[in-house]
Amino acid sequence: MDLLKQRILEVGVVVSDQVLKLDAILNHQVDPMLIMEMGKEFARLFADELPEKVLTVESSGIPIALAVAYELKVPMVFARRKKTLTMDQDTYSERVPSFTKGIVTDIMVSSHLLKKDERILLIDDFIANGDAARGLIRIIERAEAELVGVGIVVEKSFQAGGSSIRERGIRLESLAKIASLANGRIEFE
Ligand code: 5GP
């Protein structure tokens, strides 16, 4: 997606060789026009997989997952990172290392929100080592739902997450692939 790459070059801040900050469009402030365009693109890419639900993890996955779900006209579910008073007791919970926080957190989804054999499209903002995606995939497996694909806004292809998911035979599509963040420069693949 050329528009996304252009915006990344305009507003992206290289925090280190490993981390890109996109707080101006995706991770803190959200650009609704860009998000909706990305939603259309993911919906186009995965329409043939007939997803019945979009799954992501809070918080940065939510805007993009909502845009995709809106385009596909299906519900969106986000895994929570904290249990709330209103949340059901019956949850699928997985322990996931957080790339940006440097800690291990639990992510959870109420079990009644994922049905057996339901076709699930997984959406997230970034993929680095793939821990968040793998945690969500384990939740989908425990629900005996069917993962139909993974859509990622920014794949840092110099990290192993994207290839480790594809090696499992899972279809992963990313809208921008970053080959390097070395020397403070953003280089696309
Ligand atoms: P992973 O679990 O694949 O190692 O990391 C993915 C998660 O960490 C994403 O959900 C995203 O929120 C966060 N993340 C990973 N790399 C980056 C990055 O370079 N920039 C930002 N803003 N978030 C990242």
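Give me the residue from region 50-81 that is assigned to a loop (DSSP other than H, G, I, E, B) and among the hydroxyl-bearing types (S, T, Y) and, out of that set, nearest to the ligand (Cβ to nearest atom). Even if it seems obvious, please write down each step before you answer.
We begin by selecting, within region 50-81, every residue assigned to a loop (DSSP other than H, G, I, E, B); these are 50-52, 58-60, 73-75, 81.
Adding the requirement that they be among the hydroxyl-bearing types (S, T, Y) leaves 59-60.
Values: S59: 8, S60: 5 Å.
Among them, the one singled out is S60.
Each row is one residue, and each column tells you yes or no for (1) surrounded by 15 or more Cβ atoms within 10 Å (Cβ to Cβ); (2) closer than 15 Å to E58 by Cα.
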residue: F99; (1), (2): yes, yes
residue: S111; (1), (2): yes, no
residue: G130; (1), (2): yes, no
residue: R168; (1), (2): no, no
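Among the residues of region 57-80, write down those that are among the hydroxyl-bearing types (S, T, Y) and open to solvent by 50 Å² or more (accessible area, probe 1.4 Å). Steps first, answer last, please.
The initial filter retains those residues of region 57-80 that are among the hydroxyl-bearing types (S, T, Y), namely 59-60, 70.
S59, Y70 - these are the residues of region 57-80 that are among the hydroxyl-bearing types (S, T, Y) and open to solvent by 50 Å² or more (accessible area, probe 1.4 Å).
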Within region 141-165, track down each residue that is over 21 Å from E94 (Cβ atoms) and open to solvent by 30 Å² or more (accessible area, probe 1.4 Å). S157, F158, S163
Among residues belonging to region 127-159 that are free of Cβ contacts under 8 Å to residues at least 60 places away in the same chain and in a strand (DSSP E or B), point out the one that is farthest from the ligand (Cβ to nearest atom). E146
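Would you confirm, using the coordinates I've provided, whether R7 is open to solvent by 30 Å² or more (accessible area, probe 1.4 Å), assigned to a helix (DSSP H, G or I) and over 22 Å from L122 (Cβ atoms)?
Spelling it out, R7 is indeed open to solvent by 30 Å² or more (accessible area, probe 1.4 Å), assigned to a helix (DSSP H, G or I) and over 22 Å from L122 (Cβ atoms).
Which one of these is closer than 27 Å to E10 by Cα and of a type outside the set (A, V, I, L, M): Q89, Q159? Lay out the reasoning, then the answer.
Details: Q89 fails: closer than 27 Å to E10 by Cα.
Selected residue: Q159, the only one of Q89, Q159 that is closer than 27 Å to E10 by Cα and of a type outside the set (A, V, I, L, M).
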Quick check: is even one residue across region 162-174 under 16 Å from the mean Cα position of the chain (by Cα) and more than 16 Å from the ligand (Cβ to nearest atom)? yes
Just need a number here: residues in region 82-117 that are outside any loop (DSSP other than H, G, I, E, B) and either among the aliphatic types (A, V, I, L, M) or away from the ligand (no atom under 16 Å from the Cβ) (or both). 12
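Of all residues in region 10-36, which are open to solvent by less than 80 Å² (accessible area, probe 1.4 Å) and under 18 Å from S180 (Cβ atoms)?
Initial filter on region 10-36 (open to solvent by less than 80 Å² (accessible area, probe 1.4 Å)): 11-14, 16, 19-20, 22-27, 30-32, 34-36.
G12, V13, V14, S16, V19, L20, L22, listed by residue number.
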Check region 167-176 and report whether any residue there is free of Cβ contacts under 8 Å to residues at least 60 places away in the same chain and not in a loop (DSSP other than H, G, I, E, B). yes
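The values are calculated or read from the model by the stated rules, or taken from the named source; none is laboratory data. Keep in mind the model is a prediction, meaning the values are calculated, not measured. Note that we place each Cβ from the backbone using ideal geometry, even for glycine, and neighbour counts take in every protein chain shown. Side chains are part of the model used for accessible areas, which takes the heavy atoms of the whole protein and leaves out ligands, DNA and RNA. Shrake-Rupley method; radii C 1.70, N 1.55, O 1.52, S 1.80 Å.
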